[in-house]
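Okay, so here's the structure we're looking at.
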Amino acid sequence: MLLSVSLVHNKSGAPLFFIGQIQDITRRKQSDQQLAEATTEIQRLQKGLLKVCAWTKRIELNGKWIPIDEFLSKNLHLKLTPGMSVEGGRTSETR
């Protein structure tokens, strides 16, 4: 609940009465909580993203930039063929 109160004065400034307003903010609090949870989840997911540089065809892994082909073969255990290479037909075996 949100309570707002105002004091009403007469022309000479003496207090006359209070005006009070009570507002149910349950939905707003629920929305704020859902937004906070979504923000936390987005931040968690962002930490798990890999950084990729399409221009150099490299990926950052543990603070070191390595060729994407190397990442695919060593970390995902994919056997690359020249037609599958992201480096225009060269695989780590043909370098």
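The values are calculated or read from the model by the stated rules, or taken from the named source; none is laboratory data. If you're wondering where the values come from, they're calculated on a predicted model, not measured in any experiment. A quick note on method: Cβ atoms are made from the backbone with ideal geometry, for glycine too, and the neighbour counts reach across all protein chains shown. Protein only, heavy atoms only, side chains kept; ligands, DNA and RNA dropped before computing areas. Shrake-Rupley method; radii C 1.70, N 1.55, O 1.52, S 1.80 Å.
See the values below:
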read-out: Cβ charges +1 (Lys, Arg) and -1 (Asp, Glu), total dipole of segment 34-84, debye; value: 200
read-out: Segments 25-37, 61-73, 5-17 sorted - mean Cβ within 10 Å per residue, highest first; value: 61-73, 25-37, 5-17
read-out: Pairs of lysine residues in the chain - Cα separation under 20 Å, sequence separation of 8 or more or cross-chain; value: 6
read-out: Theoretical ellipticity at 222 nm over the chain - DSSP helices of four or more residues, -39500 (n - 2.57) apiece, nearest 500; value: -10000 deg cm²/dmol
read-out: Check: the chain dipole with +1 on Lys, Arg Cβ and -1 on Asp, Glu Cβ, in debye; value: 160
read-out: In degrees, nearest ten, helix 26-47 long axis to first principal axis of the chain (Cα); value: 20
read-out: Shape category assigned to the chain from the gyration tensor of Cα positions, a/c cut at 1.5; value: prolate
read-out: Accessible area of the chain belonging to carbon and sulfur atoms, whole % at 1.4 Å probe; value: 57
read-out: Accessible area in square angstrom per residue, the chain, 1.4 angstrom probe; value: 85
read-out: Unit charges at the beta carbon, dipole of the chain: most positive-side option, LEU72, PHE18, LEU2; value: LEU72
read-out: Efficiency of FRET between GLN43 and LEU3 - r from beta-carbon atoms, R0 41 angstrom, step 0.05; value: 0.75
read-out: Rounded to the nearest 20 debye, dipole of segment 14-56 from Cβ charges on Lys, Arg, Asp, Glu; value: 180
